[in-house]
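Chemist: Handing you this structure, nothing more for now.
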2 protein chains.
Amino acid sequence: MNTAPADPASLLARLADIVGPAHVLTGDDVRSRAVGWADHGPCQALAIVRPASTGEVSQVLAACHDAGQPVVPFGGLTGLVRGAVAGAYEIALSLERMQRIEAVDPVGRTMTVEAGVPLQRIQEVAEQNGLLYPVDFGARGSAHIGGSVATNAGGNGVIRYGMTRDSVLGLEAVLADGTIIPALNQMLKNNAAYDVKQLFIGTEGTLGVVTRLVLRLRELPRGNQAALVACPTFGDVTRLLKHMDSALGGALSAFELMWNGFYRLVTTPPARGTPPLSQEHEYYVLVESSGGDPARDQAQFEDAVGAALEAGIVVDAVICTSEAQRESLWALRDDVEGIFRSGMPVAFDVSLPLAAMEGYVAEVVGRLEREWPAYRRFVFGHLGDGNLHIIATGPPDAAARHGIERCVYEPLAARGGSVSAEHGIGREKLPWLPLCRSPAELALMRKLKQALDPKGILNPGRVLPD
Amino acid sequence: MNTAPADPASLLARLADIVGPAHVLTGDDVRSRAVGWADHGPCQALAIVRPASTGEVSQVLAACHDAGQPVVPFGGLTGLVRGAVAGAYEIALSLERMQRIEAVDPVGRTMTVEAGVPLQRIQEVAEQNGLLYPVDFGARGSAHIGGSVATNAGGNGVIRYGMTRDSVLGLEAVLADGTIIPALNQMLKNNAAYDVKQLFIGTEGTLGVVTRLVLRLRELPRGNQAALVACPTFGDVTRLLKHMDSALGGALSAFELMWNGFYRLVTTPPARGTPPLSQEHEYYVLVESSGGDPARDQAQFEDAVGAALEAGIVVDAVICTSEAQRESLWALRDDVEGIFRSGMPVAFDVSLPLAAMEGYVAEVVGRLEREWPAYRRFVFGHLGDGNLHIIATGPPDAAARHGIERCVYEPLAARGGSVSAEHGIGREKLPWLPLCRSPAELALMRKLKQALDPKGILNPGRVLPD
């Protein structure tokens, strides 16, 4: 869709005037960079431009807008949907030089940062102030906070603290034409007309480039409790979720479900883990709470698990008595390496109503067994959020990949599910978007895009079907 | 701004064809209705049109759009910013016939409803299912859920459960031209392209009419704990907030601050309440938690208050040991009648960063004392949310009202505060909006308005300055 710019040399010279020649990378300086975390091969962008400030971002975008030049915002390139894979006619706008932590307000419990700060640094600075930035996921060391906001990242803490959207109080963004939108609200409550920051959260850089953020911090929990439990039926799993959520007040912080096949994989050699519970159960749940009074919280947690055992919704359980034990349970849950050992992985991140989940998994697994018997299937997820990860592995084969995608995505439509729970759409999932969004919704999205980026220079070909 | 429609009779006939003649009210049937809860006098609308379904809402809007006819969506008319005060050339679109509760999903913990259902009915149906719809405020019996979403209502539970925005998973809305947007998501996680429902939350009916909702429900707490405590300084109040939030894990559910003057008023005859604590302290906080294990929660709550006493950030406290006691504390906090007895009230609903609040209140009170000495001042608020209510009372006088507004609003600008924390903008606060929103933000809002309602028929003259 993109075509070669009319006069790239003149545009690049103009950009060099704005950010300095050292910060307009071309040729080998671009090619020596990887295209991204989930993709292989060198970066193909026409240039990588590295502004040092919001003012420079604004000038760079204004110049590209004048030239009709497509621009791809670069964060930490840890996305999973190929949204930041730049083409040969695209300019990458990298925020890697915008890494300042501008302010921490321990009273208001906020942190004001530039968009290029890595997630992990934000978590660390929060903790140094006795506070918590609650969004967390595996790519924390590389992911930029700006990218995590642009993609409304999820992760392990959503059941307690919500998605990234729920941790953003305010932001500054730059529109395609260079207009700076300073929506740096710091309060939990602000109903002064439209909440314009919502336009830039989860829209994957297609409506503007996020340059600064006011993040909401929480009190750091004083302790954690965790258990691995086994449930005989899916109904028991959903009953357990309600029971634990109710019994623990507001303290439930994780509810991770593993189907039998996944549990066997991560507790059988060559996996590093040994099975804390026998491998014979249908469902395994890693349940966790975090609170303000560790001794009482532990007793309350044990009582809640005990009540679930008595009621028969849990048939076996191991309750952690040390941090090391808790970490070893999470290591099981996170040991997806074993899956990748068994061939080309096709990974999914879907969500659907809990009440429909058991039937959905049965249908998907049944279809995969019939249509793609050479592929193994693993199912696990953040059940508390309705978020399911399904991974199929087997011989590399593009047709198989597409066929497997059909098996997983098509049964979502009738159940009100989503083809992307937390990873976004990017390029990867674009063909499947119409399965879960109506034509009227898609038309409304295009209307927004047209209003904010009429020339379509921001992340073209991503997120929205043509 | 509105002018008389070219041919009202023909438009009303067309609307009668859509909704039935009995549901196009005119003349005395309109005039016999009140203009709203906070305003006096009869409704002035050209007509009140009462569709029975989303399809009819769509047809009504399409007809009005064709005719360039201004439309004011009517919910329960309990708003506080004159947003739904309809003019003589405006048609009121009332959702009072759309009162169906369509589904309750106890597993996914959602409720799907039409927009005209009163808030209280939703709370009751949730409770009948062992669940909680956590948004709550005084007008619950009359307020429509659709209106509460359109205004992103706050209330007493925000510190624990967030604003209304945080309890809306999906919605259906109708655009100005009649297009139906079916964004009825049911999941906590859904990153499949733009989250278009955000456009209709808190935009006060200016971008579309909310017709149906998927609400997020929570587990019903099994018990509450409450205390009234006295703090010597504002710094102690903010330290107490952090301390209680941290010590109670996720269970803190209210943190309501009363300044000395407010506390004296509600604990001195003719007020009904007697002072549970002496009237000599600077600050009084009603603090509350709700959790899953009442006996343990009570012990934890008492320990947390005890630790605050020991640390000296609290100097006196009464901890409730019964539900009746807890209710009597809330009755104090909610006894604003006494304020209204002392003359024309000018009431404010502002928010600002906690760190700036003490200086702000000192400045506002100082200005009011100097400039409007005949007016009494009362200050209280949902401190946990940065939300302050200030009420000045005295002789009715339009110039005084405007002057008092200046005293309260102007000092917000330099502190990053908001002229509306939870009530919205409507008509009432429109002149003050530019104090807390930049020209770039306002221009972006207008761009959205232009994209979604190019003829400007939805709630004209509200929310956005011309």
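Chemist: Rounded to a whole number of µm²/s, how large is the Stokes-Einstein D of segment B:185-236 at 37 °C and 0.692 mPa s, given Rh as the Kirkwood radius over C-alpha pairs? Write down the numbers at each step before the final one.
Modeler: Values: Rh = 15.9 Å.
In µm²/s, the coefficient is 206.
Chemist: Once you list every other residue whose beta carbon is under 14 Å from the beta carbon of B:E102, what net charge do they have if Lys and Arg are +1 and Asp and Glu are -1? Numbers along the way, then the final one.
Modeler: Working: positive: B:R100, B:R121, B:R212; negative: B:D105, B:E114, B:E172.
Charge balance near B:E102 sits at 0.
Chemist: Would you work out which of A:A414, A:I390, A:L452 lies farthest towards the positive end of the dipole of segment A:390-466, given +1 charges on the beta-carbon of Lys and Arg and -1 on that of Asp and Glu, about the Cα centre?
Modeler: A:L452
Chemist: Same structure again: Can you run phi through the Karplus equation (6.51, -1.76, 1.60; θ = phi - 60°) for segment B:73-79 and list ³J(HN,Hα) in whole Hz, with x for Gly and Pro?
Modeler: Rounded to whole hertz, the list is x, 10, x, x, 6, 9, x.
Chemist: Note down the magnitude of the dipole of the protein assembly as shown about its Cα centre, charges +1 on Lys and Arg C-beta and -1 on Asp and Glu C-beta and zero elsewhere, to the nearest 20 debye.
Modeler: Working: 82 positive and 104 negative charges, 309 e Å.
Magnitude of the dipole: close to 1480 debye.
Chemist: Another question, then. Would you please give the FRET efficiency between B:T26 and B:T274, computed as 1/(1 + (r/R0)^6) with r the Cβ-Cβ distance and R0 = 45 Å, to the nearest 0.05?
Modeler: Computed FRET efficiency for B:T26 and B:T274: 0.30.
Chemist: Nm distances between the label at B:G27 and the same-position labels in the remaining copies, 7 Å along Cα→Cβ, shortest first?
Modeler: 8.6
Chemist: Return the loop-located trypsin sites (Lys or Arg not before Pro) in segment B:179-261 (DSSP other than H, G, I, E, B) with at most 10 other Cβ atoms within 10 Å of their own Cβ; answer none if there are none. Working shown, then result.
Modeler: Working: sites: B:K189, B:K197, B:R212, B:R216, B:R218, B:R222, B:R239, B:K242; in loops: B:K189, B:R222.
Here no trypsin sites (Lys or Arg not before Pro) fit, given the DSSP loop and packing criteria.
Chemist: For the charge dipole of segment B:293-408, defined by +1 on Lys and Arg C-beta atoms and -1 on Asp and Glu C-beta atoms about the Cα centroid, which residue among B:A304, B:A400, B:F340 has the Cα displaced farthest towards the positive pole?
Modeler: Going by the charge dipole, the pick is B:A400.
Chemist: In whole angstrom, how long is each semi-axis of the equivalent ellipsoid of the protein assembly as shown, when you take the square root of 5 times every eigenvalue of its Cα gyration tensor and sort them from largest down? Please list the in-between numbers first.
Modeler: Numbers: eigenvalues 354, 256, 171 Å².
Rounded to whole Å, the semi-axes are 42, 36, 29.
Chemist: Then there's this: What is the calculated FRET efficiency for A:H40 to A:R406, with r their C-beta to C-beta distance and R₀ = 22 Å, to the nearest 0.05? Walk me through the numbers on the way to the answer.
Modeler: On the way: r = 25 Å, r/R0 = 1.14.
It comes out at approximately 0.30.
Chemist: What percent does the relative contact order of segment B:127-170 come to when contacts are Cα pairs within less than 8 Å and at least six residues apart? Don't skip to the answer; put the middle values down first.
Modeler: Numbers: 36 pairs, mean separation 18.2, N = 44.
Here the relative contact order equals 41 percent.
Chemist: Once the label point is placed 7 Å from Cα along Cβ, list for B:D39 the distances to the corresponding points in the other copies, in nm, shortest first.
Modeler: Relative to the other copies, B:D39 has label-point distances of 5.5 nm.
Chemist: What is the interface area between chains B and A, defined as buried accessible area summed over both chains with a 1.4 Å probe, reported in Å² to the nearest 100? Each step should come with its number before you reach the end.
Modeler: On the way: alone 19770 and 19780 Å², together 32350 Å².
Summed over both sides, the interface buries about 7200 Å².
Chemist: First measure r as the distance between the Cβ atoms of B:A355 and B:Q450, then evaluate 1/(1 + (r/R0)^6) with R0 = 35 Å and state the FRET efficiency to the nearest 0.05.
Modeler: The computed FRET efficiency comes out at 0.40.
Chemist: May I ask which residue of chain A has the beta-carbon nearest to the axis carrying chain A onto chain B, and at what distance in whole Å?
Modeler: A:G250, 1
Chemist: From the P(r) of segment A:106-233, could you give the percentage of C-alpha pairs in the tail past 24 Å? Mind dumping the intermediate values first?
Modeler: On the way: 2329 of 8128 pairs.
Within segment A:106-233, distances greater than 24 Å cover 29 percent of Cα pairs.
Chemist: Determine the sum of side-chain charges near A:S328: Lys and Arg each +1, Asp and Glu each -1, restricted to other residues whose C-beta is under 15 angstrom from that of A:S328. List each step's numbers first, then the result.
Modeler: Values: positive: A:R272, A:R326, A:R333; negative: A:E256, A:E288, A:E323, A:E327, A:D334, A:D335.
Net charge around A:S328: -3.
Chemist: I'd like to know how chain A sits against the 2.2 N^0.38 Å rule of thumb: what's its Cα Rg over that expected value? Spell out each step's value before the answer.
Modeler: Numbers: Rg = 23.1 Å, N = 466, 2.2 N^0.38 = 22.7 Å.
The reported ratio for this selection is 1.02.
Chemist: Residue separation times 0.36 nm, minus the C-alpha to C-alpha distance between A:A399 and A:R427: what's the value?
Modeler: Details: separation 28, 0.36 × 28 = 10.08 nm, distance 1.78 nm.
Full-extension gain reported as 8.3 nm.
Chemist: Quick one: which residues, 5 or more positions from B:E422 or on another chain, have an amide H under 5 Å from its amide H? H modelled 1.01 Å from N in the peptide plane, none for Pro or chain starts.
Modeler: HN-HN under 5 Å from B:E422: A:N191.
Chemist: Which ³J(HN,Hα) values, rounded to whole Hz and listed in residue order, are derived for segment B:282-297 from phi using the Karplus coefficients 6.51, -1.76 and 1.60 in 6.51 cos²θ - 1.76 cosθ + 1.60 with θ = phi - 60°, glycine and proline given as x?
Modeler: Result, ordered by residue: 6, 9, 10, 10, 8, 10, 9, 10, 9, x, x, 8, x, 5, 4, 4 Hz.
Chemist: If you don't mind, another one. Show me, for segment A:351-358, the HN-Hα J-couplings you get by feeding each phi into the Karplus relation (A = 6.51, B = -1.76, C = 1.60, θ = phi - 60°), rounded to Hz, glycine and proline as x.
Modeler: 9, 7, x, 3, 5, 9, 6, 4
Chemist: Would you grab the residues whose amide H sits under 5 Å from the one on A:V35? Only those 5+ places off in sequence or on another chain, please, with H modelled 1.01 Å from N.
Modeler: Close amide H contacts, sequence-distant or interchain: A:G41, A:C43.
Chemist: Starting from the amide H of A:S253, placed 1.01 Å from N in the peptide plane, find each other amide H under 5 Å away whose residue is 5 or more places distant or on another chain.
Modeler: The answer is A:E288, A:S289, A:S290.
Chemist: What Rg and what Dmax come out for segment B:1-111 when only alpha-carbon atoms are used, in angstroms?
Modeler: Considering segment B:1-111 through its Cα atoms, Rg and Dmax are 15.3, 53 Å.
Chemist: Follow-up. B:E124 label points, 7 Å along Cα→Cβ, one per copy: pairwise distances from this copy to the rest in nm, shortest first?
Modeler: Here B:E124 shows inter-copy label distances of 5.6 nm.
Chemist: I've got another one for you. Show that you can apply the helix-only estimate: for chain A, add -39,500 (n - 2.57) for every DSSP H stretch of four or more residues, divide by all residues, and state [θ] at 222 nm to the nearest 500.
Modeler: Working: 14 runs with 154 residues, N = 466.
Estimated from H runs of four or more residues: -10000 deg cm²/dmol.
Chemist: Work through the residues other than A:A63 whose Cβ is under 14 Å from its Cβ and net out their charges, Lys, Arg +1 and Asp, Glu -1. All intermediate terms of the calculation are to be shown ahead of the outcome.
Modeler: Values: positive: A:R14, A:K455; negative: A:D7, A:D17, A:E56, A:D66, A:D177.
Here the count lands on -3.
Chemist: I would also like to ask the following. Could you estimate the translational diffusion coefficient of segment B:365-429 from the Stokes-Einstein equation, with Rh from the Kirkwood formula over C-alpha pairs, at 4 °C and 1.567 mPa s, in whole µm²/s? Could the numbers behind the result be given before it?
Modeler: Working: Rh = 12.8 Å.
Answer from the Stokes-Einstein relation: 101 µm²/s.
The values are calculated or read from the model by the stated rules, or taken from the named source; none is laboratory data. All of these numbers come straight from a predicted model, not from anything done at the bench. Methodologically, a virtual Cβ is constructed for each residue, glycine included, from the backbone with ideal geometry; neighbour enumeration extends over all protein chains shown. To get the accessible areas, we keep the full protein, side chains included, count just its heavy atoms, and leave off ligands, DNA and RNA. Shrake-Rupley method; radii C 1.70, N 1.55, O 1.52, S 1.80 Å.
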